[in-house]
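Colleague: Have a look at the structure that comes next, please.
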Amino acid sequence: MSRPWRGALAVVAALGIVSLAWALWPAADGRSSRTRVRATVAVREALDAGGLAGFARARAPRALSFPDDHGPHPAFRTEWWYYTGNLATATGRHVGFQLTFFRTALAPPDHVAAGRGSAWAASQVYLAHFALTDTAGGRFHATSRLSREALGLAGARAQPFHVWVEDWSARSETAGEFPVRLAAADGPVAIDLLLERGKPVVLQGDRGLSAKGPEPGNASYYYSFTRMPATGTVRIGDEVLAVSGLAWMDREWSTSALGRDLAGWDWFALQLDDGRDLMVFRLRRRDGSPDPQSAGTLVAANGDTRPLAAGAATLEPVGHWTSPASGVRYPSGWRLGVPAEDLSIEITPRLRDQELLVGPRYWEGAVRVQGSAAGRPITGQGYVELVGYGE
């Protein structure tokens, strides 16, 4: 299973903002349109917008092939490359980051007209989100870019791996798959990081097929790298910090829609200090109850995986935070347990305010972990994503 319907964030941009035409046509000076996306759009509205006919659907497991599947899958409506991580300086100063890329098709492949005259014409739109958490400074910076797949402004390829929106990018530094270099800058903040493979690839769900609901084809193909050693630099204002830590990468492509009874989701990606990694997501029904499709994966220190079905993990909010910017009330702090593993942890946001207002509105931020495993103390770190609150 996966972060469900994360392609909604791309669909928001493609179907909401593209209607303003700046993703399809050049600015008056002929350059790419680069505008901060501030309007908020409900995820449900985005997922219900536009038809799914003509796009491929994820209906059955398929053999994933690397490096080919690191590249784009234009037969599907949406896909994403999702990087998050927790970093620290030699003195222990913490920084969290998110750099994510989304591709959205504006029309099915067989509906795209051939031979269009304009070099600016594009049937694919790419969106990127960049966020930085400066824990010591109590600051959170988040921004967004959107551009068309034309004239080299945005795109993706498998060999060598490269996905980019203007000068924000993730790319392989060698002819192989790793290391991957992440680079992004916006005003006072920037990252320049190298990510190593770390653990083997994790095929989520059923051999990489992640069901999102009971409807046929309401699924995605999904894999992860859950523990990627990261080194590099982070710029915060006038400071350039040498950092190291761990990153997490989610990779997904789909043509999917939000089930009628669902309001949103809570997603947790956690790296424990005993070498295990834990991904848990809870799909929230409109009445607030968890949906039976909620699930997760426990990754052992050696990379072996154990799927977690609905009910295998318990999740309880222990506090709330109300955004002064949007007025939305989010959970803030959780108790999470996996009884079969004798694992009980508390998850605390590094900063309470890690809300992104970048077209879609959602909370995604760095967290710390503390608890016990088999009666022994355990700590960790990770990222949490909260979508659909306040809609």
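Colleague: Using a cut-off of 12 Å between beta-carbons, work out the net charge of the residues near Leu241 (Lys and Arg +1, Asp and Glu -1, Leu241 not included).
Modeller: Around Leu241, the surrounding residues sum to -2.
Colleague: When Lys and Arg each count +1 and Asp and Glu each count -1, what net charge do the other residues less than 12 Å away from Gly217, Cβ to Cβ, add up to?
Modeller: +3
Colleague: Using every alpha carbon pair in segment 62-207, what percent of pairs falls into each 5 Å bin from 0 up to the bin containing the largest distance?
Modeller: 2, 8, 16, 19, 18, 15, 11, 6, 3, 1, 1, 0
Colleague: Placing +1 at every Lys and Arg Cβ and -1 at every Asp and Glu Cβ, with all other atoms neutral, what dipole size does segment 61-141 have around its Cα centre, in debye to the nearest 20?
Modeller: I would put it at about 180 debye.
Colleague: Okay, next question. How would segment 121-213 be classified by its alpha-carbon gyration tensor: rounded, prolate or oblate, with rounded meaning a/c under 1.5 and the a/b versus b/c comparison settling the rest?
Modeller: Verdict is rounded for segment 121-213.
Colleague: Next question, about the same structure. When the Karplus curve 6.51 cos²θ - 1.76 cosθ + 1.60 is applied with θ = phi - 60°, which whole-Hz ³J(HN,Hα) does each residue of segment 260-269 get, with x for Gly and Pro?
Modeller: Once rounded to whole Hz, the list reads 4, 8, 9, 9, x, 8, 10, 10, 10, 10.
Colleague: Measuring from centroid to centroid over Cα atoms, what is the spacing of segment 273-344 and segment 175-253 in Å?
Modeller: Between the Cα centres of segment 273-344 and segment 175-253 lies a distance of 19 Å.
Colleague: Each residue of segment 88-93 in turn: what ³J(HN,Hα) in whole Hz from Karplus with 6.51, -1.76, 1.60 and θ = phi - 60°, glycine and Pro shown as x?
Modeller: Running phi through 6.51 cos²θ - 1.76 cosθ + 1.60 with θ = phi - 60° gives 8, 7, 4, 8, x, 5 Hz.
Colleague: Right, something else. Cut-off is 10 Å between beta-carbons; in what order do Asp68, Asp277 appear when sorted fewest neighbours first?
Modeller: Asp68, Asp277
Colleague: Of Ile191, Tyr222, Val180, which is farthest towards the positive pole of segment 157-285's charge dipole, taken about the Cα centre with +1 and -1 on the beta-carbons of Lys, Arg and Asp, Glu respectively?
Modeller: About the Cα centre, the residue reaching furthest to the positive side is Tyr222.
Colleague: When a footprinting reagent is the concern and you count Cβ atoms within 10 Å, what order do Asp266, Asp110, Asp186 take, fewest first?
Modeller: Asp110, Asp186, Asp266
Colleague: Now for a separate question. Report, to one decimal in Å, the Kirkwood hydrodynamic radius for segment 326-391 based on all distinct Cα pairs.
Modeller: Roughly 13.0 Å, rounded to one decimal.
Colleague: Below 8 Å between Cα atoms, with a sequence gap of 6+, how large is the relative contact order for segment 8-387 in percent? Write down the numbers at each step before the final one.
Modeller: Details: 973 pairs, mean separation 59.5, N = 380.
Dividing the mean separation by the residue count of segment 8-387 yields 16 percent.
Colleague: Rounded if a/c is under 1.5, else prolate if a/b is larger than b/c, else oblate: which is segment 275-341, with a ≥ b ≥ c the root eigenvalues of its Cα gyration tensor?
Modeller: prolate
Colleague: Over all Cα pairs of segment 8-387, how is the pair count split among 20 Å bins, expressed in % and running from 0 up to the last occupied bin?
Modeller: Going out from 0 Å in 20 Å bins, segment 8-387 shows 29, 62, 9, 0 percent.
Colleague: Turning to a different aspect of this structure: Hey, if you put +1 on the Cβ of every Lys and Arg and -1 on every Asp and Glu Cβ in segment 255-339, which of Pro292, Leu262, His320 ends up farthest toward the positive end of that dipole?
Modeller: Checking the options against the dipole of segment 255-339, the answer is Leu262.
Colleague: While we're on this one: If I model a spin label as a point 7 Å beyond the Cα along the Cα-Cβ vector, how far apart are those points for Ala183 and Arg62 in nm?
Modeller: Label at Ala183, label at Arg62, 3.2 nm between them.
Colleague: Is the shape of segment 207-361 rounded, prolate or oblate, going by the alpha carbon gyration tensor and its root eigenvalues a ≥ b ≥ c, with a/c under 1.5 for rounded and a/b larger than b/c for prolate? It would help to have the intermediate numbers written out before the result.
Modeller: On the way: a/c = 1.43, a/b = 1.16, b/c = 1.23.
Rounded is the answer for segment 207-361, as its axis ratio a/c remains below 1.5.
Colleague: Which log10 I(q)/I(0) values, to two decimals, does segment 204-248 give at q = 0.16, 0.19, 0.27, 0.30 Å⁻¹ under the Debye formula with one point per Cα?
Modeller: Taking Cα atoms of segment 204-248 as identical point scatterers yields -0.61, -0.67, -0.93, -1.00.
Colleague: Neighbour counts of other C-beta atoms within 10 Å: give me Thr78, Thr305, Thr297 arranged from fewest to most. Spell out each step's value before the answer.
Modeller: On the way: Thr78 26, Thr305 18, Thr297 23.
The most exposed by this proxy come first: Thr305, Thr297, Thr78.
Colleague: Same structure, new question: Calculate one ³J(HN,Hα) per residue across segment 194-201 by plugging θ = phi - 60° into the Karplus curve 6.51 cos²θ - 1.76 cosθ + 1.60, and present them in order as whole Hz with x for glycine and proline.
Modeller: Taking θ as phi minus 60°, the curve returns 10, 10, 8, 5, x, 5, x, 4 Hz for segment 194-201.
Colleague: Under a 5 Å amide H to amide H cut-off, with H placed in plane at 1.01 Å, what residues pair with Leu356 once short-range neighbours are removed?
Modeller: Residues meeting the criterion, in which the H sits 1.01 Å from N, are Tyr362, Trp363, Glu364.
Only the coordinates and a few stated rules stand behind these numbers; no lab work does. Small disclaimer: the values here were computed from a predicted structure and weren't measured. We place every Cβ from the backbone using ideal geometry, glycine too, and count neighbours over all the protein chains shown.
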